[in-house]
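The values are calculated or read from the model by the stated rules, or taken from the named source; none is laboratory data. Predicted model only: the values in this text are computed from it and were never measured. Glycine also receives a Cβ, built like all others from the backbone with ideal geometry; neighbour counts cover every protein chain displayed.
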Amino acid sequence: MSAAVSVRGLEKSFNDLHVLRGVDFEIASGSILALLGSNGAGKTTLVKILSTLLRPDAGSVTVNDFDVTEHPLEVRRSISLTGQFAAVDEILTGRENLVLVGKLRHLGTPGALADALLARFGLADAGSRRVATFSGGMRRRLDIAMSLLGDPKVVFLDEPTTGLDPEGRLEVWKVITDLADQGTTVLLTTQYLEEAEHLADRIAILHEGRIIADGTFAELKKLLPPAKVEYVEKQPTLEEIYLSLVGTTHTSQPGTAAEE
């Protein structure tokens, strides 16, 4: 598959702080790349460069075959960015948030587009409610829905499940999987290893400003010595216990306000 995102020799410093020190990777069209790294590894800086919010110091970066420095407007027309915190207006309803973004993007029939996205993200019943009453998972789904207005070819998700409960995380996981199934290219930054393992086609590890590993989960496992075969009793994880007890009912049902 062709590369929707290509990064070669990317460098970025802030005064004497060298954040990115020669980053190289590609993302195939219609695939999900999970970018792992601890706090301060440079993940958000990298996403800002890819989305034209920061200029690189050196190296080449192309998104949909457009150079982010030479053709930033073309890059912006073909991408969408969802940050670590949901960029939704709590005073407006879910539908009003979508319509507002549709008008800002000069899209035709923003109301119809809003209704379609509310249905697609399981928010149709909550569309007329103020976002202040939404749960964390609902806000994040709405935030991602807003970023999809205009059908961007590439979506950057910067730690989209930070602060969500287990149910909210599963909701967002499904949204991300559906995006890739429909041909959207996704760059996902995360600190949750199981999230990368569950969602990503490929995983890249950013450490001290460099990509130190890049491959499928199966390929990365081969970097370690062969596993020893041991017979142990598998105990349920806390997440499995929690979800078993509370169920996986969508938080978009009536009566699931943020304060519950």
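Checked against the criterion of being without any contact (Cβ under 8 Å) to a residue 40 or more places away in the chain, closer than 26 Å to ALA114 by Cβ and aromatic (Phe, Trp, Tyr), segment 141-162 has no qualifying residue.
Among residues of segment 42-55 that are free of Cβ contacts under 8 Å to residues at least 40 places away in the same chain, those with a beta-carbon under 8 Å from a residue that is of a type outside the set (Ser, Thr, Tyr) and part of a helix (DSSP H, G or I) at least six positions away or on a different chain give the pairs THR52/PRO72; THR52/VAL75; THR52/ARG76; ARG55/ILE49.
Please specify each residue of segment 163-176 satisfying the condition of being out of contact with any Phe, Trp or Tyr (no Cβ under 6 Å at 6 or more places or on another chain) and touching a residue at least 24 places away in the same chain (Cβ under 8 Å). Let's see the steps before the verdict.
If we filter segment 163-176 for residues that are out of contact with any Phe, Trp or Tyr (no Cβ under 6 Å at 6 or more places or on another chain), which is where we start, we get 163-165, 167-176.
The answer is GLY163, LEU164, ASP165, GLU167, GLY168, ARG169, LEU170, GLU171, VAL172, TRP173, VAL175, ILE176.
Quick one: in segment 127-159, of everything that is within 12 Å of the chain's Cα centre (by Cα) and acidic (Asp, Glu), which residue is nearest to GLU96 (Cα to Cα)? Of everything passing the filter in segment 127-159, ASP143 is nearest to GLU96 (Cα to Cα). Within segment 101-116, residues that are on the phi < 0 side of the Ramachandran plot and of a type outside the set (D, E, K, R) reach partners that are modelled with pLDDT under 90 and surrounded by 12 or more Cβ atoms within 10 Å (Cβ to Cβ) with beta carbons closer than 6 Å, at six or more positions or on different chains, in the pairs VAL101/LEU149; GLY102/LEU149.
Of the strands (runs of 3 or more DSSP E) that lie entirely inside segment 172-223, not one contains 3 or more residues that are touching an Asp or Glu at 6+ places or on another chain (Cβ under 7 Å) and surrounded by 14 or more Cβ atoms within 10 Å (Cβ to Cβ). Of the residues making up segment 150-192, those that are of a type in the set (D, E, K, R) and within 23 Å of LEU46 (Cα to Cα) are ASP151, LYS153, ASP158, GLU159. For segment 17-32, check the following and say yes or no: at least one residue is without any contact (Cβ under 8 Å) to a residue 24 or more places away in the chain, of a type in the set (A, V, I, L, M), at negative phi and outside any helix (DSSP H, G or I). Among the residues of segment 17-32, at least one is without any contact (Cβ under 8 Å) to a residue 24 or more places away in the chain, of a type in the set (A, V, I, L, M), at negative phi and outside any helix (DSSP H, G or I), which makes the answer yes. Just a yes or no: is a residue in segment 49-61 part of a helix (DSSP H, G or I), surrounded by 14 or more Cβ atoms within 10 Å (Cβ to Cβ) and acidic (Asp, Glu)? No, the conditions are met nowhere in segment 49-61.
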